[in-house]
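The values are calculated or read from the model by the stated rules, or taken from the named source; none is laboratory data. Source: prediction; values computed, not measured. Using ideal geometry, Cβ is built from the backbone for each residue, glycine included, and neighbour counts are taken over all protein chains shown.
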């Protein structure tokens, strides 16, 4: 049974390390009123908290066994992405939508699950994908004369962004952390292939650890442009550089 809700479900997704979390924080600085009107969808996660993350604020951090048990409950979506097991409480999400807009910021597989869930099919949605490359850049790298593998370059771009983020958190990376970076970097291309399912794609070259997000308090450079564009989409304003992709753009 589906019920039309008053709030929008806003999906903000993209590869790990692309800059989703700093974008959310930058929106609070540039447009606090807009940000304050967004309820945050808190997802269950079986991984350990990163430095600065708090239970019940960033995620509900729970054991793998707890999340696996949620598969038996029809009120939960449970999916695995980038090595993490994650879950969303659909009943709570439906209840919260009656109070206003909800922002989901996270991985692309969960965003797709939220798009496709039968109990959310009548929900008003806005879906935005952050991409490490623009459509023009993808078309350029696909040209045979450039002798470049699009998958390899996407993996390398995201590997560098993820290494930057993890080095900022820890001086020395463990073998587990390095392997996790490789997993996330390699999954980025598969996420890029799903981008056409989302309403808008915003190219973003300022990764999660770029100084442009917060080193000068206000975002600058592309981080500022991306934040302004996301705000435009939220307000139904005219977009300036957000893109819409066809399904055959990323082979």
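Pick from the stretch 156-165 the residues that are in contact with a helix residue (DSSP H, G or I) (Cβ under 7 Å, 6 or more places away or on another chain) and surrounded by fewer than 19 Cβ atoms within 10 Å (Cβ to Cβ): which of them is modelled with the lowest pLDDT?
163
Specify which of the listed residues (128, 78) is assigned to a strand (DSSP E or B), surrounded by 13 or more Cβ atoms within 10 Å (Cβ to Cβ) and touching a residue at least 24 places away in the same chain (Cβ under 8 Å).
128
Which residue out of 23, 27, 114 is buried (at least 19 other Cβ atoms within 10 Å of the Cβ), within 16 Å of the chain's Cα centre (by Cα) and over 27 Å from residue 183 (Cβ atoms)?
27
Name the one entry in 8, 47 that is at pLDDT 95 or above, over 15 Å from the mean Cα position of the chain (by Cα) and surrounded by 13 or more Cβ atoms within 10 Å (Cβ to Cβ).
None of the others qualify; the one that does is 8.
Which condition number does residue 210 fail, the rest of (1) surrounded by 14 or more Cβ atoms within 10 Å (Cβ to Cβ); (2) without any contact (Cβ under 8 Å) to a residue 24 or more places away in the chain; (3) touching a helix residue (DSSP H, G or I) at 6+ places or on another chain (Cβ under 9 Å) being met?
It fails just one condition, (2).
Taking the stretch 81-104, which residues are part of a strand (DSSP E or B), within 17 Å of residue 123 (Cβ to Cβ) and touching a residue at least 60 places away in the same chain (Cβ under 8 Å)?
Within the stretch 81-104, 102, 103, 104 meet the criteria.
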